[in-house]
Amino acid sequence: MKGVFAQDVETSPATVVKTIAVGKEAAISIVRYLRGEDITSDRKRDWTKGLAERGDISGIEKAARVEMPMLPAGAKKSPQDEAALGLSEEGAVYEAKRCLNCGICSECYRCVDICVADAIDHDMGFEEETIEVGAVIAAPGLEVFNAPLRGEYGFGIYKNVVTSLQFERILSASGPFFGHIQRPSDGKEPEKIAFIQ
């Protein structure tokens, strides 16, 4: 109906994330409608199906959630007592691994909203590109190296000595320097970078 705007009433109820995303689209439509603008221009998204429905999840094994241990009924003595006792270390690790097995975008588009570098484009198609490089060194380890164990490298002593994970955050567009390489000590651009593999 003209002048009537809906959220998940039209697309059918789904997740809270999807509802918020569709609500944002409804808000854009309302603003355009009130301004007399075309509400359909540049609106290519199919809201009837999210990536979770379209994606291939055949290789992902479904794992049951760890049950939260609770206080027995009537055992709570004061309002400060926690009813949920918390997961064991083993249960928390299992739960974290279970959650990380999904990795399917729910199309809430929050990543687009918060990316300062405007580096995210959900409409981008597949591209193949050949880049000439001097050298590529790949030295993956079995486990993350515990940098404080090797004091001779100066980690924890010198501010500019960082781990590979910290350096990855420095390079990231959503990192502390928005993808611009800076020394943690003074914020200046480094003249040289050395990797210890």
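The values are calculated or read from the model by the stated rules, or taken from the named source; none is laboratory data. The structure presented is a predicted model; accordingly, all values stated were derived computationally and were not measured. Cβ sites come from the backbone with ideal geometry, for glycine too, and all protein chains shown count toward neighbours. When the accessible area is computed, the model is the full protein with side chains, heavy atoms only, and any ligands, DNA or RNA have been set aside. Shrake-Rupley method; radii C 1.70, N 1.55, O 1.52, S 1.80 Å.
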- region 160-190 - residue that is open to solvent by less than 60 Å² (accessible area, probe 1.4 Å), within 22 Å of the chain's Cα centre (by Cα) and not aromatic (Phe, Trp, Tyr) and, of those, nearest to Ala117 (Cα to Cα): Ala173
- Task: Tell me, please, whether a residue that is out of contact with any His (no Cβ under 6 Å at 6 or more places or on another chain) and outside any loop (DSSP other than H, G, I, E, B) can be found in region 136-148.
- Result: yes
- Message: Looking at (1) surrounded by fewer than 11 Cβ atoms within 10 Å (Cβ to Cβ); (2) within 23 Å of His122 (Cβ to Cβ); (3) at pLDDT below 75, which one does Leu51 not meet, given that it meets all the others?
- Response: (1)
- Has region 17-32 got at least one residue that is at pLDDT 85 or above, of a type outside the set (Gly, Ala, Ser), open to solvent by 50 Å² or more (accessible area, probe 1.4 Å) and touching a strand residue (DSSP E or B) at 6+ places or on another chain (Cβ under 7 Å)? no
